[in-house]
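Notes to accompany the following structure.
Please treat every number below as a calculation from the coordinates, not as lab data. These numbers come from a predicted model, not from an experiment. Reconstructed Cβ throughout: ideal geometry from the backbone, glycine too, with neighbour counts over all protein chains shown.
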Amino acid sequence: NPNRKFFVGGNFKMNGTVDMISELINHLNKAGLDGKTEVVVAPPSIYLLQVKEKLTPPAQVAAQNCYTADSGAYTGEISPSQLVDANIEWVILGHSERRSMFGDTDKFVADKTKAALANGLKVILCVGETKEEREKDITMEVNERQLEAVARTIEEKDWEHIVLAYEPVWAIGTGLVASPEQAQEVHADLRQWLGQRVSQKVADSIRIIYGGSVNGKNCKELAQQPDIDGFLVGGASLKPEFVDICKSAD
Ligand code: PEP
């Protein structure tokens, strides 16, 4: 859709070393990305400053998580204002790994989203159902519940700074990519929900990106779906083919 700039995020998760990340960023810098697609990479927090320094704009940097408070006795956490201080533009929030392993409830994700936006960060907000939930036919209920917590917590104008990532849990890191039809169906439903719950303007302008076993081979067909505005890429963002994914809408 020409009204929505294609967006590709690379989520390195807890992978990499100083040397390996330096190589990845060099590769990305040499890829000749023309700025037609918005590209954002999310290294582990210890490498954020290294990536920020080495990555050539217009590519941008995201943290993989943040806390709600600005500062204080929260050992191990990073605040939105610290990310802003380090010139980090984006933060991923609500990733399924954080929801399932680190206690990120719908409410906690919504509160983190509000805090991040209030500090001027942009947010890649992740939602998605598990395999069991899809089999029980409650895919949209689950995605709506996760989104509703955020809709209740932020204002209409805030949505401008959010990219919504639909990441079915059954597709993350499994090699089981959603079919273009499966992804398109949920993306269209999410857009419709936003139109009713938030505003038509937000529904029409928000980028809804797909995540879950996207690779250099399957990205082109997914990118052609009318409501798929980009990707959040885990495993393949650590490989040279990430560049092909960044160019999948060209
Ligand atoms: C992710 O972690 O956001 C993700 C989509 O992972 P993968 O591409 O490895 O499935």
Expected sort for 229-239, 75-85 on mean C-beta neighbours within 10 Å, highest first, is 229-239, 75-85
Take every Cα pair under 8 Å in the range 186-250 that's 6+ residues apart, average their separations, divide by the length, and report that relative contact order as a whole percent. 31 percent
Percentage relative contact order, the chain, counting C-alpha pairs under 8 Å, at least six apart: 21 percent
Any chance you could list P(r) for the range 33-190, counting all Cα-Cα pairs in 5 angstrom bins from zero, rounded to whole %? 2, 9, 17, 20, 20, 16, 11, 5, 1, 0
For the range 240-245, what does the Karplus curve 6.51 cos²θ - 1.76 cosθ + 1.60, with θ = phi - 60°, yield as ³J(HN,Hα) per residue in whole Hz, taken in order and with x for Gly and Pro? x, 5, 4, 4, 5, 5
Across the range 211-220, in residue order, what do the Karplus-derived ³J(HN,Hα) couplings come to in whole Hz, using 6.51 cos²θ - 1.76 cosθ + 1.60 with θ = phi - 60° and x for Gly and Pro? x, x, 6, 6, 9, x, 8, 8, 6, 4
Which percentage, to the nearest 5, of the DSSP beta bridges contained in the chain is antiparallel? 0 percent
For the range 148-233, which GluC sites (Glu not before Pro) pass both filters: DSSP loop (anything but H, G, I, E, B) and at most 12 other C-beta atoms within 10 Å? Glu155
Under 5 Å from the placed amide H of Arg207, counting only residues 5+ away or on other chains, we find Leu164
What number, rounded to the nearest 500 deg cm²/dmol, is the helix-based mean residue ellipticity at 222 nm of the chain, given -39500 (n - 2.57) per DSSP H run of at least four residues and division by all its residues? -10500 deg cm²/dmol
Return the sequence-ordered ³J(HN,Hα) values of the range 45-58 in whole Hz as given by the Karplus equation 6.51 cos²θ - 1.76 cosθ + 1.60 applied to θ = phi - 60°, using x for Gly and Pro. 4, 5, 9, 4, 5, 4, 5, 4, 6, 8, 6, 7, x, x
The alpha-carbon center of the range 100-122 and that of the range 192-250 are separated, in whole Å, by 21 Å
Applying the gyration tensor rule to the Cα atoms of the range 133-172 (axes a ≥ b ≥ c; rounded if a/c under 1.5, else prolate if a/b exceeds b/c, else oblate), the class is oblate
Find the relative contact order for the range 20-79 and round it to a whole percent, using C-alpha pairs within less than 8 Å whose residues are 6+ positions apart. 31 percent
Which translational diffusion coefficient, to the nearest whole µm²/s, is obtained for the range 98-250 from the Stokes-Einstein equation, given a Kirkwood hydrodynamic radius over C-alpha pairs, 37 °C and 0.692 mPa s? 208 µm²/s
Residues whose modelled amide H sits under 5 Å from the amide H of Val39, counting only those 5 or more places away in sequence or on another chain, are Val8, Gln60
Along Cα→Cβ, 7 Å out, is where each label goes; now give me the distance between the ones at Asp137 and Lys5 in nm to one decimal. 4.2 nm
